[in-house]
Every structure is written in C-alpha cells, then in structure tokens.
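Notes follow once the structure below has been shown.
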Amino acid sequence: MSFATKSPWVIHYDASSCNGCDIEVLAALCPGFDLERFGIVNTGNPKHADIFLVTGSVNERNQHVVKQIYDQMVEPKVVVACGICACSGGIFHDCYNILGGVDKVIPVDVYVPGCAVRPEALIDGVVQALDILDQRAKALEAKRKGA
Amino acid sequence: MTIPATWDTIALDELHPLAVKLKGEGYRFVQTHAVNTDAGIDLYYTFMKDGVLHNYKVAHVTPDQQVPSVTDQFLSAFVFENEARELFGVDMRDIAIDFGGRMYDVSEKAPMTYVSPVQKKEIDKARRAALAKEQKLRKAQVAQAAFNVEHPQPQEKGAVIDPKAMGTRSTVGDAMNESLMGAAKTAARRDAGAFSFEFAMRDEKAEAQAALEKKIAGMPPEKAARVRAAMAAKAAREAKAQAQAAAQDEQATGAQASEKPLDPAIAEKIKNLPPDKAAKVRAALEAKAAREAAAKGGADAAAQKGAE
Amino acid sequence: MGKQTIIPFGPQHPVLPEPIHLDLVVEDETVIEAVPQIGFIHRGLERLVQTKDYNQFVYVAERICGICAFGHSMGYAETVENLMGVEVPTRAQYLRVIWHEMSRVHSHTLWLGLAADAFGFESLFMHAWRLREKILDVFERTTGGRVIFSVVKVGGVTRDLDDQQIDYMKSVFADFRAEYTKLIRAFLDDSSVKNRTVGVGTISRADAVNLGMVGPFLRASGEPYDVRMLGSNGYGELEHFEPITDDQGDCYARIRVRCEEVLQALDIIDEMLAKLPAGDIAVKVKGAPKAGSEACNLVEQPRGECYYYAKGNGTKYLDRMRMRTPTSQNLAGMAATLKGCDVADVNMIVLTIDPCISCTER
C-alpha cells in the first residue's frame, strides 16, 4: 500500500441528487458503518482530498461546478459515482434539465449503483477505488523517479 | 377527510387588488403555480385562512399579457413567480427578488409548455373516446324509449297470471281438480301431500335476494357494506330507468288524452280496443276531424269574405 | 463606513449537504445582504407526468427528496386519490401516518446532527446519526428500504405490518426515546451551544407571518400553525394534536422546537400502533382521472407545509402535478434572517431553516 491509500480523504459533492445518496454517504462515515476506521475523513477542501464522491446527475448549471472541483483536486485522485443518478441519470435521465451521469463531464473510476446507494455497496466501491488510487500513486512515483 | 378547498376564476386585472384585499383580511399566501393549456397558461394563486384553501385561477394568460407581481404584498411569492416566468414564459413584472430569467438557467425555453407528440395523441384519443361513449349512451337511451313505446307493459290483456297473487297454487290446476273431485276433497288431498307436480310459481327474485343476503353475511363488514351500497345503487338505477320508461310511455300514449277532451263519437269507437291501438285510432280520427273542420272553416271564411 | 466585500458561499461547502449559492455582501464582519442563487439541483421532473402514468409517478415523487421521501409519496397519492374520488381503507391511513411520523423522527435527528456539525460539535453529530440508524433499521425491517421506501401507492400501501414487526418497533422506539432524551439535554443545556445560538437570527412573529414562512421555522417564532391540526386523512384519527411552539424566534428556539417534535412524533406513533384497526391495506384503482378535474392537498412534512395540486385530462397521464415544498416558502425568510448577522453565524442560520434545496427545485 502506498502512502496515498493509508488514509485517503474524501470530498463529497451533491450534483443534482435528491439527497438520498448524500445521507447514505454521510451515514457511511458515521458510527453505523464507520468508514473512518479506514482513516477516511470528510473534508471540504478539494485540494486536501484524494477521493471525489459525487452523487446525483449533472445538469446545466452544476456541470461547471463538478468540473471545477475535479480540476482543483491534486493527483493522484479517483472519482466514485455514488448512486444510479451519478452513474447514468437514473430515473431522471429523460428530464429536460439533466445532461446525464457524472461521466459526461469528468472521468469516473468506480460506479456504485443503487437508489439510494446502500452504505455497504459504498464501502465496497471506496475499497475498490483505493486499489485504483494505489496504482495511480505508484505510476506517479515511477514517472517522477524516471523523469 | 380532505382539506376543504374553493376554486374560483378571476380576471387578470383583478389579481393585484385581490392580493391587496386578502392581505388586509389576514389571509396567508400558500403558493402560485402555472398550468399549461391549449389556450394559454392558467395561473393559480392559493391562499389560506382558518383551515380552508382558496384557489384563484387567472385563465388563459398569453405571452403578450403582462402579469403584475404580488410580491409587494407577499414576499414569499418571488420563487414561484420567477419559476412561472422561466419555465412557462409568462411575462411577470416587478418581482421583488428578480433573477432575470436565470433562476434555474435551463437550456430549453419555457420547457413546461412543451407537450410531447405522444402525449398529445393520448389526450386526443381520450377525448374522442369520451365523446363516442357519450353519444353511444344517448343513442341507447333513445332506442330504449322507442322500444318501450312499441311494447308497453301488459295491462288487462285477458287473463294474465300474476304469480304473487296466486301463491303457490295453479289456478288452472285447482279449477280442474275441483270440477273433477269437488272442492272439499281437493283440499283434503292437497293437505295430504298430493299433486306434487303442481308447480310452485317461485318467486325467483326473492330467492336470489335470500341467497345474496346469506353470502353477504359471510363477508367482512367493509366488503359487505360495499356490496350493499352497490345493490342499492343498482336498484335505484333500475327504478329510475323504469320511471323514465313509464314516463315516456305515458307521454306517448297519454299526451293526447291530457291535451284535448275526448270526442264522444271517437270514444265510442275506441273503447274496446287495447290501449296503444286505441291511441293510434284516436289520433287518426282526431286528425281527420281536424282536417274536415279546417276545410269547413276555410270554406266558411271564403264564403264570408265573399259575402262582404 | 466600512468596505463592502462579496463572499461567495457554496455550492460546495462542507456544512451544506446540498448545493445553494449565497452571495454574502459583507461589511467588516456583518452581513448586509444575502443574495441566494439556486438552480444546481433543478431536474425538471414535473414534466415527467407526461411520460409516466399516475401509478408510476409515485416513484418519481418519492425521489424529489430523499429525506422527505415518504411525505412526498404520501402527499402525491392522497392528491390523486382525491382527484379520482378513491376512498383509502382506514388501516392504510394509519400505516401511512406511522411511517410518516417515523420519517419525521429520522429527518429531525439527521438535522440535529448536521446542526451540531455546523459549529463543530462533531461528537454530537456522530451520536445523533448513530441513533438514527435504529430508526433506519425499523424502516428496513418494515418496508425494505433505508431511504427510499416505495411502500405507498395510489389506493393504499403495498406492505402490511404483522404483530412481530409491531413488537420489534415498540421495543426500538422505547430504546430510542430513552437515549434521545439524554442526547438533547446534552445539546440544549450546553452553555457553548447557547452562546452561539441564543439571540442569533431572530425573527419576530409578525415578520414570520408576513414573510409566509412555514414549518418549525414559523412555529419557533410563536405562530401555532401545523397542517396536522387540521385533521386531514389519517391525522383525523388522533385524539388530540397541539403544535409545538416557542416564542423567542431565534436559532435556539428552532432547535428546541425540532427536538420536541421528535418526542411528539414518537407519542403519535405509539398512539397509532395501539389502535391500529384490521382491514385491507389497499383498494384497486381503475380508470383514469376525468378531463378537467382538479384536486389539491396539504401535508405537514418535517420541514413544513407542502402543497400538492393535480389536474387530470382523461388519460392515465396527469395533465399537471405540482408540489410546492416548504423550503421554497422559507427562502424569503432565510434572506431576511441573514441580514445583519455575523459571517460566522451564516452556517448556523442557514441550517436552522433546514433547507431542502432539492425539494425547492425539483
């Protein structure tokens, strides 16, 4: 395990979610399911975060916000799309103001479906994201050493 | 029990004075919304006082009409008025907190006024179906009325057997037995259980009723109440239909009777006929009489005129 | 005269669970004006009535907001039942009230945690959410879902409660009540909490009524208005209902009102469970709403009064479905409360309104 995956910090942003997935994300961080035992802390600053948990689909106005948060994060970073609305638009995919899932604006690494996403599935998704984060951190390290 | 609500329609220029009046009377503003219709946008304003919702509708607002804002009276309306402007294309003026049409920043202009072709087809289909159903019902009623005129209920048409009056005996069988054996002997033998072939005019209707009552007794109370209500409704419907048919019957046959007094000569001719035929014959004879009278009157008038 | 700066607040902010953008016009440390900007969650789901018929739309109505999910599905179903003249069986009405009050308990407990987190009381946030898991366990046992239940349909409910479940529920609520009472005393009696909330963001009763506010936000300013006291649908079966009010109108009052509403909701659930009648849980609904028919309905959601309107057009797709959620009425109140407060208090004030922006924007 590299340094990045020992205690990854998450930043959570609600794109156009109904809040169901948001409260499940927060519930996963709370004593009921306790993601904090992995050293995961919820931060508000994109520059401190390693994992970007996005809930909800992308609409006309928040596509810029999602892109901006992603751009502000520092490498290595992973994106986890929580809930079916973030994966593909969910039940609202044919609404007039919805562009689609989050992958319309940023590259997504782990898709966790569900409506609302269950905390157990979320933990599973975050652990898979940690593997990807590990690979990326190692690749970055190698590039830095090689170059 | 649902929340009591009233629905009223007002004109566009009554809107602002109404808002001022309701504010003065202490009404609470509930909400504003818009509904897209074929003839324009309907704006609904809802107010509440003492537990009753009052809905006021401004009907058929077109995009060229300016709608005054009520935010000077009720500030909380600004969200809904901005929304009506942005999503429905209503021209709202003087909103207290105005987002200039960019509250939601949607890419489609007035998206809620869009009705998809699939939807339109469904609505038209439903409207046509409702119209066809109504026409069919009316035709059926007319046909039933006509049928009732042609075939009225049998009245005094020879020896009609009335099952209820008979009881469980057959008058014909009785008469036969009595003429053969004598009345007393017949009675004695009947009591002993003979004449098993004697058919009992069953009151089928009463039997069906009894069976249904038994079934209802076995049902859970809610369902039983429903079934009873349905039966009562059906009985009321049938009674009404019969009354209607009877009324039309009377109209067809008795109209002429109530109109003019019966000519004694005609009455003599039709007194032995069955009622519908009587009506027709009477009508024909009266028409003939009227024609003759008219011709006579005309001749008289001509004669009189000629005499002047 | 100090220099005026504009501080943008949101849409991404650690204290806000939902995106709302406020431009705070600040002079030194005092907020002179707060200009809200919304539109980050607008999905446009009211137009979905054109593609989903009145039975399917319950699922969309539920997902307007995940916290008030049950309230929306119940309000929608009641409105369509009103539109079509459908009479729901009594047992279904009782079940709906029970689940709705449980929804209120979970929403207020969630809110309590977030409010505590807003000024750094993170351990209370963790405790409140740990307690809330108990309620979510009951939801899961009785409906199958933790957040979105899908247990209401037009004509009644889809699941029933059996005796085993009812016993389980009673034991959970007894535990919850005991722990919860201790928890709120820790919060309400704490001097640092009082320091940060008493006298902050005060709105007088006259202003509150003028601005058209609803819900606990309104009741904390002394106006006793609650839709449940009108006694509509299942709430008409309650023996007695008294809305909880406070006359101070500041942040502390709002916290207190919400904390006590949880206890009141638990009392209502106990009452309803004790006299739950036997019977059907749904009636079969056939046909479609008549063309030109209209109906409206009110429901007291955790955040306030919610208004529903439905219009039929003869097909199985509704012509228009409108949900006016409580936070949209409270936005004017929020803008007024933020005037004249300290920058550090903005978090607290925004949260005491309990904003549910996804409800507002749909």
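The values are calculated or read from the model by the stated rules, or taken from the named source; none is laboratory data. Keep in mind the model is a prediction, meaning the values are calculated, not measured. Every residue, glycine as well, gets a Cβ built from its backbone with ideal geometry; the counts of neighbours run over all protein chains shown. SASA here: full protein model, heavy atoms, side chains in, ligands and nucleic acids out. Shrake-Rupley method; radii C 1.70, N 1.55, O 1.52, S 1.80 Å.
Here are the numbers for the structure shown:
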| quantity | calculated |
| --- | --- |
| For segment C:260-362: rounded, prolate or oblate by the Cα gyration tensor [a/c cutoff 1.5] | oblate |
| For C:Ser171, net neighbour charge (Lys/Arg +1, Asp/Glu -1) across residues whose Cβ lies under 14 Å away | -2 |
| Residue of A:Gly44, A:Gly83, A:Gly125 that the Gaussian network model of chain A assigns the largest fluctuation, springs spanning Cα pairs under 10 Å | A:Gly44 |
| List B:Lys21, B:Lys136, ordered by accessible area with a 1.4 Å probe, largest first | B:Lys136, B:Lys21 |
| Gyration tensor (alpha-carbon) shape descriptor, segment A:2-146, a/c threshold 1.5 | oblate |
| Rel. contact order, % - alpha carbon contacts under 8 angstrom, at least six apart, chain C | 25 |
| FRET efficiency, B:Lys139 to C:Lys284 (Cβ-Cβ, R0 30 Å, nearest 0.05) | 0.45 |
| Three-way shape call for chain C based on the alpha-carbon gyration tensor, with the a/c threshold at 1.5 | oblate |
| Options A:Ile132, A:Ile91, A:Pro113, ranked by Cα towards positive dipole end of chain A, top entry (Cβ charges) | A:Ile132 |
| Probe 1.4 Å, all protein chains present, accessible-area order of C:Arg141, C:Arg362, largest first | C:Arg141, C:Arg362 |
| Surrounding net charge for A:Asp14, when Lys and Arg each add one and Asp and Glu each subtract one, Cβ distance under 11 Å | -2 |
| Accessible surface of B:Thr32 - all protein chains present, 1.4 Å probe, nearest 10 Å² | 0 |
| Accessible area buried, both sides summed, chains C and A with 1.4 Å probe, Å² | 3200 |
| Computed lengthening from C:Ser204 to C:Leu273, 0.36 nm per intervening residue step minus Cα-Cα distance | 21.0 nm |
| Percent RCO, i.e. relative contact order, over segment B:1-130, from Cα pairs under 8 Å lying at least 6 residues apart | 21 |
| Residues in segment B:10-33 that a label on B:Asp64 would reach, taking backbone N under 18 Å of a point 7 Å out along Cα→Cβ | B:12-13 |
| Charge dipole (debye, nearest 20) of segment C:4-350; +1 at Cβ of Lys and Arg, -1 at Cβ of Asp and Glu | 1220 |
| Part-to-part distance (alpha-carbon centres) for segment A:79-131 and segment C:105-162, which is given in Å | 22 |
| Chain C: most fluctuating residue of C:Leu95, C:Leu273, C:Leu230 per GNM, C-alpha cutoff 10 Å | C:Leu230 |
| Of all DSSP beta bridges in segment C:4-350, antiparallel share, percent nearest 5 | 100 |
| Spin-label model distance (nm) - B:Glu292 vs A:Ser7, 7 Å beyond Cα toward Cβ | 12.5 |
| Within chain A, percent of DSSP bridges classed antiparallel, to nearest 5 | 15 |
| Among the listed pairs A:Lys104/A:Lys138; B:Lys21/C:Lys339; C:Lys286/C:Lys311; A:Lys6/A:Lys138, those beyond 19 Å (Cα-Cα) | A:Lys104/A:Lys138; B:Lys21/C:Lys339 |
| Candidate residues C:Arg159, B:Arg291: accessible-area rank, largest first, probe 1.4 Å | B:Arg291, C:Arg159 |
| 10 Å beta-carbon shell around C:Met74, net charge (K/R +1, D/E -1) | -1 |
| Most fluctuating residue given options C:Thr325, C:Thr197, C:Thr51, as computed from a GNM of chain C linking Cα atoms under 10 Å | C:Thr51 |
| Nearest-20 debye value, segment C:204-362 charge dipole, Cβ charges on Lys, Arg, Asp, Glu | 1080 |
| All aspartates and glutamates inside 13 Å of C:Lys182 as judged from Cα atoms, apart from same-chain residues fewer than 8 positions distant | C:Asp190, C:Glu260 |
| Farthest positive-ward along segment B:5-114 dipole, Cα basis, beta-carbon charges - from B:Ser76, B:Ile10, B:Gln65 | B:Ser76 |
| Distance between modelled label sites at A:Asp94 and B:Thr9, nm, 7 Å Cα→Cβ extension | 3.3 |
| Eligible aspartates and glutamates near C:Lys284 by straight Cα distance, threshold 19 Å, same-chain separation 8 or greater | B:Glu222, C:Asp53, C:Glu78, C:Glu81, C:Glu87, C:Asp160 |
